[in-house]
């Protein structure tokens, strides 16, 4: 027993869970949606995804190395995740230089300006998307028409999303089957409801997230748009169309559930989810933008510290 | 659906390596070191001096305050010295060193294996015998038992809950005690019921010990009022408040005693000690200790005299393996890392766990990603990462407002944290600080 023994406080064992395990878990959950987008949007989807992921990782590395002068933590998977989520929120015909600006906004402004992983207030990928949406409204709302492994990138045929069609009063919408599969115009990762729900199931089974945020968003949106639909079916679309179209499922399952920018208690998560559901529905039905998911999540991100203050975990033996 | 407590909880790998290993009586060592602080509260006061001769079971120290306990010699021989010795806490504290000579017991102690069921004593007399025997909570908290059996005026116990969950990974001493001494345990429970005047007792056992559940359920039919309740495996179910919640669905309020929910909780090992004290006149001088670890050649359960250096226990289990990084007194979740293998076994020693170097090293801490996993597992419904931050920035008001004093230090938060943050280290520090502030305010 000449070698030294270690003295440290309890507990003496650890679950083995890690930040990177959670990040890579979310990446795995995003794979079905990525495959669907490669199928329908082909080369464009591949280019946008690769550029976005590579740019996010690179920017994070450079900022950590040259501004923070600290060891790079890009292997934790969070920058890859931001890159992939940003790509999922972009049209698959977006030029490379715009993607780079989006990645810089996401990582530089959205994440690193607050101090890096864990310190940011807003979902970095959404900061990138909204930055681009406001700066380049034309490019950000021109959507390629889905095909079968199309080999076109910026030169393909373009069309509209379900939500913009509805905003313009068009009544000829894709079928439910197409919306479930993802055979419709839209950002490259948001189109397939089935693929996104598969991801949700994976996240829940692996206990990476709990049901509170995604389910409360989906239910609130369904109920609110459902009431409006019952009031005036000619003006307001069926709630199922709202759930299946635009970024609602992508946002509810993958963006709003971002650990860093969502509340910590169960009750807080429900408030957060209901808030997103209401804001999204309001923007979609009464706002100028056809889509409201990004703004709704960012607004609720800003309210998260306040929610954490008022909605605490249920205290043992408490009132 | 099996019951368990309703907030938080984790399920670490059980690693019950010594499960089913029969209790082995460890040889009496050449010298024992009996610390005067083996319980929560004031240290006991020695009533012997150097050179005195004592028998096994002789009273050698008396309570040093209201919350304190008697201590008896666990061997026969001569007092070598009364001096400071490093104990399981890591601090040097006063202890009585006794050189062993033979094994001559006090005459009053019944050393036979005869089972004595009947007890003519009143509740008060039972409590007095328990106090005289120096019994403390043997689950690890070591609170003097007679005090828990004497509720403050105005409170009346309605139910006795026996803690037999043994939720700590690795530990098996309570399990094997139930298997080998089931009848004694149940008589002990009956005595405790009489002591606090209740008609109902529930023995809570986690479902990973089906043999103990079956064995005690069979025996319990002969003991009216005692019910065996299987519980879902969930750490920290052995926490007093958690066990009460699991068994009778009542949550003891912040700062309140279990008696406010009408419950008195005792450990299953304690009820065995109560049997021996009341029916056999035997003070608390030995206990079952699990010696375990993945690299040990022979993980085992040893009936050990109090004061035996843990070295002797480890030798019995095959000796200290190569590559040992940590020696823990107790289980891996709440046990204490021991500073040396020379510290003695005390009344609260439920186990000795040896971890390898790899198991002993903590991984580097990363930024908090606010994943709320610590919040989800906290059995007290606290926000561990908030409490860690409050402590780090010495914001004691915030720590107090978020119930830092309710932390039971179970370690579920640190165990779970994906960013390897030392949540409990900070919370423990902050809790001590805030408790001091509260005391100062009251004074």
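Every read-out reported here was derived from the displayed coordinates using simple, explicitly stated rules and does not represent laboratory data. None of these values were measured; they are calculated from a predicted model. Every residue, glycine as well, gets a Cβ built from its backbone with ideal geometry; the counts of neighbours run over all protein chains shown.
Using a 10 Å cut-off around each Cβ of peptide A:262-274, what is the average number of partner chain Cβ atoms that fall inside?
Counting Cβ atoms of other protein chains within 10 Å of each residue's Cβ and averaging gives 2.
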Neighbour counts of other C-beta atoms within 10 Å: give me A:56, B:371 arranged from fewest to most. B:371, A:56
Per Stokes-Einstein, at 25 °C and 0.890 mPa s, what whole-number D in µm² s⁻¹ belongs to chain A, with the Kirkwood radius over Cα pairs as the hydrodynamic radius? 121
Antiparallel DSSP bridges in the range B:123-280: what percent, to the nearest 5? 5
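Could you work out the mean count of beta carbons from other protein chains within 10 Å of each residue's beta carbon in A:305-318?
Going residue by residue through A:305-318 and averaging, the value is 6.
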Between residue A:175 and residue B:440, what FRET efficiency comes out of the Förster formula 1/(1 + (r/R0)^6) with R0 = 60 Å and r the beta carbon distance, rounded to 0.05? 0.25
Which of rounded, prolate or oblate describes the range A:19-137 when judged by the alpha-carbon gyration tensor and an a/c cut-off of 1.5? oblate
Please give the residues of the range B:117-148, grouped as numeric ranges, whose backbone N is less than 16 Å from a label point set 7 Å along the Cα-to-Cβ vector of residue B:93. B:135-145
7 Å from Cα along Cα→Cβ at both residue A:6 and residue A:238: what's the point-to-point distance in nm? 5.9
Compute the long axis of helix A:266-286 from its Cα atoms, compare it with the longest principal axis of the Cα atoms of chain A, and write down the angle in degrees, 0 to 90, nearest 10. 20
Round to the nearest 10 and give me the degree value, 0 to 90, for the angle of helix A:124-135's Cα axis relative to the longest principal axis of chain A. 40
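Just the number, please: percent antiparallel of the DSSP beta bridges in the protein assembly as shown, rounded to the nearest 5.
60
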Distant alpha-carbon pairs in the protein assembly as shown (separation over 49 angstrom), percent: 32
Shape verdict for chain B, please, from the Cα gyration tensor: rounded (a/c under 1.5), prolate (a/b greater than b/c) or oblate. rounded
How would B:403, A:289 line up from fewest to most surrounding beta-carbon atoms within 10 angstrom? A:289, B:403
By how many nm would the segment from residue B:297 to residue B:214 grow when fully extended, if each residue of separation counts as 0.36 nm and the alpha-carbon distance is taken off? 26.9 nm
If you average 1/r over every pair of different alpha-carbon atoms in the range A:75-167 and take one over that average, what Kirkwood value in Å do you get? 14.2
Per residue, the convex hull enclosing the alpha carbons of the range B:287-423 has a volume in Å³ of 128
At 7 Å along Cα-to-Cβ for each site, give me the label-to-label distance between residue A:148 and residue A:61 in nm. 3.9
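If the chain between residue B:315 and residue B:116 were fully stretched, how many nm would it gain, using 0.36 nm times the residue separation less the Cα-Cα distance?
Numbers: separation 199, 0.36 × 199 = 71.64 nm, distance 3.51 nm.
This chain segment gains 68.1 nm when fully extended.
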Residues residue A:168 and residue A:286, FRET efficiency given R0 of 22 Å [Cβ-Cβ distance, rounded to 0.05]: 0.90
Test item: B:363-369 mean partner chain Cβ contacts at 10 Å: 5
So in chain B, what percent of DSSP beta bridges are antiparallel if you round to the nearest 5? 60
For residue A:68 paired with residue B:393, estimate the spin-label separation in nm (one decimal), with each label point 7 Å from Cα along the Cα-to-Cβ line. 1.9
Could you work out how much longer the chain between residue B:11 and residue B:78 gets when fully extended? Use 0.36 nm per residue separation minus the Cα distance between them, nm to one decimal. 19.4 nm
Structure-based [θ]222 nm, the protein assembly as shown - -39500 (n - 2.57) summed over DSSP H runs of at least 4, per residue, nearest 500: -12000 deg cm²/dmol
What do the square roots of 5 times the Cα gyration tensor eigenvalues come to for the range A:160-310, in whole Å, largest first, as semi-axes of the equivalent ellipsoid? 25, 18, 12
Could you order the peptides B:421-431, A:108-118, B:144-154 from most to least packed, using the average number of other C-beta atoms within 10 Å per residue? B:421-431, A:108-118, B:144-154
Quick one: grab the alpha carbon gyration tensor of the range B:373-442, order the square roots of its eigenvalues as a ≥ b ≥ c, and give me rounded if a/c is under 1.5, else prolate or oblate depending on whether a/b is larger than b/c. prolate
Could you give the angle, 0 to 90 degrees to the nearest 10, between helix A:78-88's Cα long axis and the longest principal axis of the Cα atoms of chain A? 0
Taking springs between alpha-carbon atoms closer than 10 angstrom, which of A:90, A:100, A:133 fluctuates most in the Gaussian network model of chain A? A:133
